[in-house]
Every structure is written in structure tokens, then in C-alpha cells.
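A.B. asks: Let me begin by handing over the structure; questions about it come next.
The values are calculated or read from the model by the stated rules, or taken from the named source; none is laboratory data. Here the structure is a predicted model, which is why all the values come from computation and not from measurement. Methodologically, a virtual Cβ is constructed for each residue, glycine included, from the backbone with ideal geometry; neighbour enumeration extends over all protein chains shown. Keep in mind that these areas ignore ligands, DNA and RNA; they rest on the heavy atoms of the full protein, side chains included. Shrake-Rupley method; radii C 1.70, N 1.55, O 1.52, S 1.80 Å.
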Amino acid sequence: MKLYGFPLSPFVRKVVVAAREKGLEYELIPANPNQPSEEFLKVSPFSKIPAMSDGDFCLADSTAIVTYLEAKHPDPALLPAEPRARGRAIWFEEVSDTVLIPAGAPIVVNRFLRPKIFGTEGDEAAAQAAEEAVAKPLAYLEGEVGEGWLVGDFSIADISIACTLKTLGYAGWSLDKARYPGLAAWYDRVAAREGWQRAADEETQVFASLGG
Ligand SMILES: N[C@@H](CCC(=O)N[C@@H](CS)C(=O)NCC(=O)O)C(=O)O
């Protein structure tokens, strides 16, 4: 399997961690959505990361890819079977993809991507406004998280939210442990998992090779 993307992206990391949790091997092909290669556009028609090819089968979008991997390699399950639990797991994935990521993106763009990768000035006011914006979904998640995983067994819910928090970390942001103690303890549990650690180690290597 080939995975196209850049590991900073929480969407790419979601697929990487899911693959590692399932014990799957893959080849990571660096792909820049702003300068797409012809090969990349064949697998990702809208030039978004992540994308995947598995033999002659191509797919883009992290949710679509994880759904495919789950069907092809069901064990260990990352999507609960029980109807309510499955709905809740996808709900948390959506909270990550459509609420937390858009709210927090200005932090990453203005404190990491612009100054450190693109060499342009970041908009600090936008980053500060985003810090306020992430407080609402984080407070919600703090109210939902217990002492185990977000929904029953470890699932795509945990992977999605943790992947987004890790990307915010590249911009110097960190979870306020006094304000979100349950979430901070949950994140430490996610980060202690073997699949997460393997993905994190590989991510560090990719960054080092890119001069990051
Ligand atoms: N819904 C997609 C979102 C993917 C996405 O927006 N990825 C970003 C990188 S974090 C991207 O490719 N942005 C480039 C662009 O939108 O042109 C998924 O889950 O994979």
C-alpha cells in the first residue's frame, strides 16, 4: 500500500496510526497538495492529503481510507460494531475533522507553517483568536472523556482527536492540564500505545529528513 501525504497533517496521521494499529505496512510517498505531481493527482483528484493506492485501487480522504482498511483488515477493530457506539465513534471523528481542525488551523498556519516552513510572517491575532475557538470543542471533549477510551475500546474516535492535538503541538500549543485534566490523561494513554509510538517515531524521522 502507498500512502501519499505529509505527516504533519492530522488527516494523514489518522490513516498512519490506523494502519500501525492494524499492523499494516505501507510506503509513505511525500505529497504536497500545492505542488501536486501527476502520480499524486491520479490518486487524489482534488489534490488533498491523504490519498492511498493499494494495487490498482486508489482512494483519497482519511475517513474513506480508514473505512476501506477497516473492511479489509477488520482485526483489531477501529470502528465499534454496536450501532450506538459506531455512531458515537464517527461523531468524534467528525468533531475532530469538522470542528476542532478548522478551529485550530490558524494556530498551526500562523505559528508554524508560515514562519517555519513557508518563511512568511504569521498572523498572531488570528492564532490567538483560534486559541479561543478551540476552547469550546475542548471543553466538550473534557466533559465526554472518562478514564478509558472515548467510545468503548480504542477506536477511530481516539485516533482522530489525538492526531489533531498532536498537530497543534507543532505550533507550540499544548493542552492545558489544569483546564482539561481528563483529556490530558487520555492523550497520554493514546500516546503510550505501540501503534501511536511507531507512527510518531516515523513522523519524527520524516521531519528530520526534511530538515524540520
Ligand atoms: N476530508 C479530508 C480532508 C483532507 C485535507 O483537507 N487535507 C489538507 C491537509 S491537512 C489538504 O490536503 N489541504 C490542501 C488543500 O485543501 O488544498 C480528509 O479527511 O482526508
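A.B. asks: If we scan the range 168-176, do we find a residue that is part of a helix (DSSP H, G or I), in contact (Cβ under 8 Å) with a residue 40 or more places away in the chain and more than 16 Å from the ligand (Cβ to nearest atom)?
C.D. replies: Looking for residues that are part of a helix (DSSP H, G or I), in contact (Cβ under 8 Å) with a residue 40 or more places away in the chain and more than 16 Å from the ligand (Cβ to nearest atom), one finds none in the range 168-176, hence no.
A.B. asks: Pick from 51, 31: which is within 12 Å of the ligand (Cβ to nearest atom) and in contact with a Gly (Cβ under 6 Å, 6 or more places away or on another chain)?
C.D. replies: Of the residues listed, the single one that is within 12 Å of the ligand (Cβ to nearest atom) and in contact with a Gly (Cβ under 6 Å, 6 or more places away or on another chain) is 31.
A.B. asks: So for the range 139-152 (the condition being farther than 23 Å from residue 189 by Cβ and hydrophobic (A, V, I, L, M, F, W, C)), does at least one residue qualify?
C.D. replies: Looking for residues that are farther than 23 Å from residue 189 by Cβ and hydrophobic (A, V, I, L, M, F, W, C), one finds none in the range 139-152, hence no.
A.B. asks: Next question. Of the residues that make up the range 81-91, is at least one under 18 Å from residue 16 (Cα atoms), surrounded by 13 or more Cβ atoms within 10 Å (Cβ to Cβ), within 16 Å of the ligand (Cβ to nearest atom) and of a type in the set (Phe, Trp, Tyr)?
C.D. replies: There is no residue in the range 81-91 that is under 18 Å from residue 16 (Cα atoms), surrounded by 13 or more Cβ atoms within 10 Å (Cβ to Cβ), within 16 Å of the ligand (Cβ to nearest atom) and of a type in the set (Phe, Trp, Tyr).
A.B. asks: If residue 58 meets every condition in (1) under 24 Å from residue 79 (Cα atoms); (2) within 12 Å of the ligand (Cβ to nearest atom); (3) surrounded by fewer than 19 Cβ atoms within 10 Å (Cβ to Cβ) apart from one, which number is that one?
C.D. replies: Unmet for residue 58, out of (1) under 24 Å from residue 79 (Cα atoms); (2) within 12 Å of the ligand (Cβ to nearest atom); (3) surrounded by fewer than 19 Cβ atoms within 10 Å (Cβ to Cβ): (2).
A.B. asks: Output yes when any residue across the range 159-182 is of a type in the set (Phe, Trp, Tyr) and exposed (fewer than 14 other Cβ atoms within 10 Å of the Cβ), and no when none is.
C.D. replies: no
A.B. asks: With the requirement that a residue be within 9 Å of the ligand (Cβ to nearest atom) and either open to solvent by less than 40 Å² (accessible area, probe 1.4 Å) or outside the structural domain of residue 58 (by TED's automatic domain parsing) (or both), what does the range 3-21 give you?
C.D. replies: Of everything in the range 3-21, those that are within 9 Å of the ligand (Cβ to nearest atom) and either open to solvent by less than 40 Å² (accessible area, probe 1.4 Å) or outside the structural domain of residue 58 (by TED's automatic domain parsing) (or both) turn out to be 5, 8, 9, 10, 12, 14, 15.
A.B. asks: Okay, moving on. Taking the range 68-80 on its own, how many of its residues are open to solvent by 70 Å² or more (accessible area, probe 1.4 Å) and not charged (D, E, K, R)?
C.D. replies: Residues in the range 68-80 being open to solvent by 70 Å² or more (accessible area, probe 1.4 Å) and not charged (D, E, K, R): 2 in total.
A.B. asks: Could you tell me which of the residues 101, 107 is within 16 Å of the chain's Cα centre (by Cα), of a type in the set (A, V, I, L, M, F, W, C) and within 10 Å of the ligand (Cβ to nearest atom)?
C.D. replies: The conditions single out 101.
A.B. asks: Condition first: near the ligand (Cβ under 9 Å from one of its atoms) and polar (S, T, N, Q). Now tell me which residues in the range 34-48 satisfy that.
C.D. replies: Those that are near the ligand (Cβ under 9 Å from one of its atoms) and polar (S, T, N, Q): 34, 44, 47.
A.B. asks: Report, ordered by the first and then the second residue, all pairs with beta carbons closer than 8 Å, sequence separation of six or more or different chains, a first member in the range 76-97 that is within 15 Å of residue 138 (Cα to Cα), and a second member that is surrounded by fewer than 16 Cβ atoms within 10 Å (Cβ to Cβ).
C.D. replies: 95/140
A.B. asks: Something else about it: Limited to the range 22-53, what total is found for residues that are closer than 21 Å to residue 78 by Cα and open to solvent by less than 30 Å² (accessible area, probe 1.4 Å)?
C.D. replies: 6
A.B. asks: Can you give me the number of residues within the range 183-212 that are away from the ligand (no atom under 16 Å from the Cβ), surrounded by 13 or more Cβ atoms within 10 Å (Cβ to Cβ), in a helix (DSSP H, G or I) and charged (D, E, K, R)?
C.D. replies: Within the range 183-212, residues that are away from the ligand (no atom under 16 Å from the Cβ), surrounded by 13 or more Cβ atoms within 10 Å (Cβ to Cβ), in a helix (DSSP H, G or I) and charged (D, E, K, R) number 3.
A.B. asks: Ok, one more. Could you check the range 162-212 and list, in sequence order, the residues that are charged (D, E, K, R) and closer than 14 Å to residue 100 by Cβ?
C.D. replies: 166
A.B. asks: With the requirement that a residue be out of contact with any Gly (no Cβ under 9 Å at 6 or more places or on another chain) and open to solvent by less than 30 Å² (accessible area, probe 1.4 Å), what does the range 127-147 give you?
C.D. replies: 127, 135, 138
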